[in-house]
Amino acid sequence: MKQFASIMLGLACICNAQATDYFISPNETARLATILNDGTLKPGDNVILRDGTYNNLGTLRFSASGTECDSIGLRAEHPGKAIISGPLNMMISGKYQHIDGLLFHKAWAAGTHLIDFKDGETRASHCRFTNCAIDDCNDPNKPEKPSPEKNTTEYWVNLYGDNIRVDHCYFANKRVGGLVMQMWLTENDHLNNHQIDHNLFGNRPPFGGNGAEIIRIGHSWSSQLESRSVVENNVFLHCDGENEIISVKSCHNILRGNLFYEARGGLVCRHGHYNVMESNTFVGNNLRGTLGIRLINQGHTVYNNHCYRTNGFGLLVRMGVFERPDANTDIKKEPLTSYHRSENINIAKNAFVDCGIIDLGSGRGTKEPRNVRMTDNYFANSTNNIKITNPELTLAGFEFIDNRYNWGDNSEHRLSGFIQVEAEDFAAQEKSRVMDGVKNIGPSWYEPNMNDLQYISKNYK
Ligand code: CA
């Protein structure tokens, strides 16, 4: 297999013909820790984990530098048969390192982070975490509900550096507080270009407080920086930790083609600007807490998303408390943690079918949305569910063009820019979006992954 891969890659670049495979058994954890960090590994080398459980690895430094043609691998000999458990803080630093086929089961963070794509100040670059599963990894000493006395923070995957791809993985059954995936930005470490695709984010029970998002891109304090990360073609199933499933807190990210299925939360542009939300599908099945897209801040594009049967909002464009912060802004006067005016937003060609509410302009603050253009969207519901807070103030900030609506009770909607139409049939579109959405997701060797995909697709046969 390796030979074949080398031949294929050989067409594009010269590979290291002397590459070595180092086989490690579960009783050789000390040797594993050494070989990943002592400079042994050269481009093209692989550390291959034999079947079995690797317990209590603690601090595990994977520091190595591959090349674009010759990555350095940490792989399971048989995907899913090398199981990592017990306390772990895996720190990946270097370039072109591939982690493939590992099952993290009943492992937990030694400290607060399970996996870091950096070691000290050395960050990872062009690495790939693929075909892995992280399932039921919860520190038994940390509470699974918010606690004023105890540290409840446990972050699974922490992305630093640049060009990290996380793909075809399965993440589920996180119960302790903290994120499944956090992208960390600082002044000296942003423009990440991370790529998160074809993963299944599965069951995450309600935490009971903030800090249980699935993915967060940045923080409020780093939210004016550009991450330029892409989160696309992932599935979020029963991600019920809190009301934000993906919390975008940075600029110039793309969130595209994701499927949110019966997930009690929303896709939220919480901080940062110029983010694109495109072709995402939300299927709420009227479950309490299911949401669509929440917008605040500026320059976003919201295009071709479909939102079906969310119990809460399908779309929320929120009132702001402050103006957009800029280089001259005194952070103390314009707290970065607050809400900045929604402005210069395009919302086009989306469909909102049987959502709880379409909420324009609600929330605390006095900075009403400005220059929000809504074009060619479709709204259907049993009755008019478009709620405009303080319309005399709010409506001036919206431009409505060629939107269509169908209310089951035939009530009229008097806003200009909306036309009443016959109910449009979205069942076929929902089916094709969902069935496309579950294709080629997660590690095919992991039964819970396949069961979750089956749970979704069975309703569309
Ligand atoms: Ca939150």
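The values are calculated or read from the model by the stated rules, or taken from the named source; none is laboratory data. Given the structure is predicted, the values throughout are model-derived calculations rather than measurements. Because the Cβ atoms are built from the backbone with ideal geometry, glycine has one as well, and the counts that use them run over all protein chains shown. To get the accessible areas, we keep the full protein, side chains included, count just its heavy atoms, and leave off ligands, DNA and RNA. Shrake-Rupley method; radii C 1.70, N 1.55, O 1.52, S 1.80 Å.
All conditions in (1) open to solvent by less than 40 Å² (accessible area, probe 1.4 Å); (2) within 15 Å of V302 (Cβ to Cβ); (3) outside any loop (DSSP other than H, G, I, E, B) hold for E399, with the sole exception of (1).
Only one entry of D409, D425, D436, D452 meets the criterion of being in contact with a Gly (Cβ under 9 Å, 6 or more places away or on another chain) and open to solvent by 50 Å² or more (accessible area, probe 1.4 Å), and that entry is D436. Considering only residues in the range 197-212 that are closer than 25 Å to D452 by Cα and more than 13 Å from the chain's Cα centre (by Cα), the one that is farthest from the ligand (Cβ to nearest atom) turns out to be N203.
Going through (1) open to solvent by 10 Å² or more (accessible area, probe 1.4 Å); (2) more than 16 Å from the ligand (Cβ to nearest atom); (3) small (G, A, S) one by one, G312 falls short only on (2). Here S223 clears all of (1) modelled with pLDDT under 95; (2) open to solvent by 20 Å² or more (accessible area, probe 1.4 Å); (3) within 16 Å of the ligand (Cβ to nearest atom) except the condition numbered (2).
Taking the conditions (1) open to solvent by 10 Å² or more (accessible area, probe 1.4 Å); (2) within 16 Å of the ligand (Cβ to nearest atom); (3) free of Cβ contacts under 8 Å to residues at least 40 places away in the same chain in turn, I215 satisfies each one other than (1).
Which of the residues that make up the range 245-267 are open to solvent by 20 Å² or more (accessible area, probe 1.4 Å) and within 16 Å of the ligand (Cβ to nearest atom)? Those that are open to solvent by 20 Å² or more (accessible area, probe 1.4 Å) and within 16 Å of the ligand (Cβ to nearest atom): K249, R264. Number of residues in the range 226-244 that are outside any strand (DSSP E or B), within 16 Å of the ligand (Cβ to nearest atom) and open to solvent by less than 30 Å² (accessible area, probe 1.4 Å) equals 3.
Scan the range 81-128 for residues that are within 16 Å of Y160 (Cβ to Cβ), of a type in the set (D, E, K, R) and in contact with an Asp or Glu (Cβ under 8 Å, 6 or more places away or on another chain) and report the count. Of the residues in the range 81-128, 2 are within 16 Å of Y160 (Cβ to Cβ), of a type in the set (D, E, K, R) and in contact with an Asp or Glu (Cβ under 8 Å, 6 or more places away or on another chain).
Among residues of the range 31-78 being open to solvent by 60 Å² or more (accessible area, probe 1.4 Å) and touching a residue at least 40 places away in the same chain (Cβ under 8 Å), the one that is farthest from C137 (Cα to Cα) is E68.
Exactly one residue out of R270, R288 is farther than 20 Å from N346 by Cα, charged (D, E, K, R) and either out of contact with any His (no Cβ under 8 Å at 6 or more places or on another chain) or within 16 Å of the ligand (Cβ to nearest atom) (or both), and it is R288. Scanning the range 245-269 for residues that are assigned to a strand (DSSP E or B) and either over 17 Å from T281 (Cα atoms) or at pLDDT below 95 (or both) yields V248, K249, C251.
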